[in-house]
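Written out below as structure tokens is the structure these notes cover.
The values are calculated or read from the model by the stated rules, or taken from the named source; none is laboratory data. A quick note: this is a predicted structure, and the numbers were derived from the prediction, not measured. Note that we place each Cβ from the backbone using ideal geometry, even for glycine, and neighbour counts take in every protein chain shown. Side chains included, ligands, DNA and RNA excluded: accessible areas come from the protein's heavy atoms. Shrake-Rupley method; radii C 1.70, N 1.55, O 1.52, S 1.80 Å.
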Protein chains: 2
Amino acid sequence: MVHSVKAFVFDAYGTLFDVYSVQKACEECFSGKGEEISKIWRQKQLEYSFLRQLMGRYRTFLEVTKDALRYTCNKLEVPLDDQKEEKLINAYLRLTPYEEVQQVLKKLENKTLAIFSNGSRDMLEPLVNQYEFSSLLDCVISVDDIKQFKPTPASYALVLDRLGVNREEVLFISSNTWDISGAKSFGFYTAWINRTGEIMDELGVRPDGIYNDLRGILEWK
Amino acid sequence: MVHSVKAFVFDAYGTLFDVYSVQKACEECFSGKGEEISKIWRQKQLEYSFLRQLMGRYRTFLEVTKDALRYTCNKLEVPLDDQKEEKLINAYLRLTPYEEVQQVLKKLENKTLAIFSNGSRDMLEPLVNQYEFSSLLDCVISVDDIKQFKPTPASYALVLDRLGVNREEVLFISSNTWDISGAKSFGFYTAWINRTGEIMDELGVRPDGIYNDLRGILEWK
């Protein structure tokens, strides 16, 4: 493989951390609806981040996540009181990492390693610190610093600014097809982590590598 | 009701024309999958218009609609050959208008009436001409003129430019909650046509009126 990748840059939600690991907490709050809540919640969280960016009405991803949870509970007609909201948002701050994350990060220790996420620091820091990933990462980059959600080109440009690298020196790793499309369109190398046998979006770009889990990216070392 | 509405501006897809009326053609091409295809097709069409706007990779809505159809058929593992693609895209150019459209437009004939759509002219003109709405409308406004999809503020501003009105003189009518949110955030009066008992999005704005069908907007005359 001919490339000159210096920085491995990871999306957080869905890529390093399983967003559906909130399902258990959802189920405890609303018996029988845990799976459905976790799915709609995620879908609306993404949609609201896209729409707010388009509308020019940025709010932090934590606020967007709360809005999406409120929509979901309204939609499913289940009562979300303050206590349940706090419990579910706290669950989002303690998402489970995928099992191979730590070993893969360790094997890449001679590279620049970063997280680049739509999440605001009040969401990312509890996650990263809890699982002791901080010592393995050089940098946690949040779009909140410039209030431009992915997949805008301005958001991906923040990675270059923070890491001091060129586009073609970055391998961007995400399980989200929209994120891969945005990053590839911007000019990064891209590795799509396709854990569930999805198909790629028709947005005019293709990832440089497709892997079942994060171990696959070690061929870019 | 205290207002000074001069222009009634209608979204096209889902508001005047039933996007799910392609279901019959989908069913003829792919027996047993018509409903599922029409739903995923619409969902992806919207998602791709949002994502292309965010990525700065505009294509016309007709092209986006074709891309979304290709994704849908890949996803459902049904073979889309050129003949079927042409048949289904042609069905999209002949969507069925909702039954009350003509009578409502006629009752508003002393107002400025316009369509404002993400659709490109190669999609909108066949639709409007087929049902002889042209004589009832003062203007068909397509975002394609400025290549800025709704719900960006720049797209809604095109309405002001084309109609020579101020924001507070516009009643914008849509069945799409994201479109209502964008238009209200921009400063239009908004009427949400909620035909199917949906709930409003949590994007920080609320429509000025909510109606089961287009007849409700006549109270703004």
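Indicate, rounded to the nearest 5 percent, the antiparallel portion of the DSSP beta bridges found entirely in chain B. List each step's numbers first, then the result.
On the way: 2 of 22 bridges.
Rounded to the nearest five, the antiparallel share is 10 percent.
With the radius of gyration and the Kirkwood radius both derived from the Cα set of region B:36-98, what is their ratio Rg to Rh? Please report the intermediate quantities before stating the final value.
Details: Rg = 11.9 Å, Rh = 12.2 Å.
Using Cα coordinates only, the ratio equals 0.98.
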Which angle from 0 to 90°, rounded to the nearest 10, does the C-alpha axis of helix B:34-55 make with the longest principal axis of chain B?
60 degrees
Sorting B:Asp138, B:Asp145 on solvent-accessible surface, 1.4 Å probe, most exposed first, gives B:Asp138, B:Asp145
How big is the gap, in Å, between the Cα center of region B:129-196 and the Cα center of region A:64-123?
36 Å
Counting only Cα, what are the radius of gyration and maximum Cα-Cα distance Dmax of chain A, in Å?
17.1, 55
Of all DSSP beta bridges located in the protein assembly as shown, what percent are antiparallel, nearest 5?
10 percent
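Ignoring ligands, DNA and RNA, what percent of the 1.4 Å accessible area of region A:108-153 is carbon and sulfur?
On the way: 790 of 1850 Å².
Looking at region A:108-153 in its full context, I get 43 percent from C and S.
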Output field shielding_mean for A:202-215 (other chain Cβ, 10 Å radius) holds 2
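What is region A:19-92's relative contact order, in percent, from Cα pairs under 8 angstrom and six or more apart in sequence? Kindly include the intermediate steps, with their values, before the conclusion.
Details: 62 pairs, mean separation 25.0, N = 74.
Dividing the mean separation by the residue count of region A:19-92 yields 34 percent.
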Enter the per residue convex hull volume of region A:1-66, computed from alpha-carbon coordinates, in Å³ rounded to the nearest integer.
138 Å³
Which residue is it, in chain B, whose C-beta lies closest to the B-to-A rotation axis, and what is that distance in whole Å?
B:Phe50, 2
Taking a point 7 Å out from Cα toward Cβ as the label site, list the nm distances between A:Gln103 and the same residue in every other copy, smallest first.
6.8
Could you compute how much accessible surface B:Ile199 exposes when probed at 1.4 Å, giving the result in Å² to the nearest 10?
50 Å²
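Just by accessible area at a 1.4 angstrom probe, what is the order of B:Asp201, A:Asp18, A:Asp81 from largest to smallest? Mind dumping the intermediate values first?
On the way: B:Asp201 0, A:Asp18 40, A:Asp81 75 Å².
Result, largest first: A:Asp81, A:Asp18, B:Asp201.
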Chain A, relative contact order [Cα under 8 Å, separation at least 6], %:
25 percent
To the nearest 10 degrees, the tilt of helix B:153-163 (Cα long axis) against the first principal axis of the alpha carbons of chain B is 60 degrees
Semi-axis lengths (Å, descending) of the ellipsoid that matches the C-alpha gyration tensor of the protein assembly as shown
40, 24, 21
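Averaging over every viewing direction, what projected area does the convex hull of the Cα atoms of region B:87-155 cover, in nm²? Walk me through the numbers on the way to the answer.
On the way: hull surface 21.4 nm².
Its average projected convex-hull area is 5.3 nm².
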Can you work out ³J(HN,Hα) from phi for every residue in region B:201-211, in order, using Karplus 6.51 cos²θ - 1.76 cosθ + 1.60 and θ = phi - 60°, giving whole Hz and x for Gly and Pro?
6, 9, 10, x, 9, 10, x, 7, x, 10, 9
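Order B:Glu100, A:Glu109, A:Glu35 by their accessible area, 1.4 angstrom probe, all chains in place, largest first. Provide the component values of the computation, followed by the final result.
Numbers: B:Glu100 5, A:Glu109 150, A:Glu35 95 Å².
Largest accessible area first, the residues go A:Glu109, A:Glu35, B:Glu100.
Is there a simple number for the mean count of other chain Cβ atoms within 10 Å of the Cβ of residues in A:153-163, and what is it?
On the way: counts 4, 2, 1, 1, 0, 0, 0, 0, 0, 0, 0.
Counting other chains' Cβ atoms within 10 Å and averaging over A:153-163 gives 1.
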Sites B:Leu218 and A:Glu36, calculated FRET efficiency, Cβ-Cβ separation with R0 51 Å, nearest 0.05:
0.85
With θ set to phi - 60° and the Karplus curve 6.51 cos²θ - 1.76 cosθ + 1.60, what are the ³J(HN,Hα) couplings of region B:191-197 in order, to the nearest whole Hz, using x for Gly and Pro?
10, 8, 8, 9, 6, 10, x
On Cα atoms only, tilt of B:82-92 relative to the major axis of chain B in degrees:
20 degrees
Per residue, how much accessible area does the protein assembly as shown show when a 1.4 Å probe rolls over the protein heavy atoms, in square angstrom?
41 Å²
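Taking the square root of 5 times each eigenvalue of the Cα gyration tensor, what semi-axes in Å does the equivalent ellipsoid of region A:129-221 have, largest first?
Numbers: eigenvalues 84, 65, 34 Å².
Sorted largest first and rounded, they come to 21, 18, 13 Å.
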Calculate the spin-label point distance for B:Ala157 paired with B:Ser4, positioning each point 7 Å from the Cα along the beta-carbon direction, and give it in nanometres.
2.2 nm
Simple label model, 7 Å out from Cα along Cβ direction - B:Glu86 to B:Ile199, nm:
4.6 nm
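Find the sum over both chains of the accessible area lost when B and A are paired, probe 1.4 Å, and report it in Å² to the nearest 100. Walk me through the numbers on the way to the answer.
On the way: alone 10470 and 10460 Å², together 18190 Å².
Using a 1.4 Å probe, the pair buries roughly 2700 Å².
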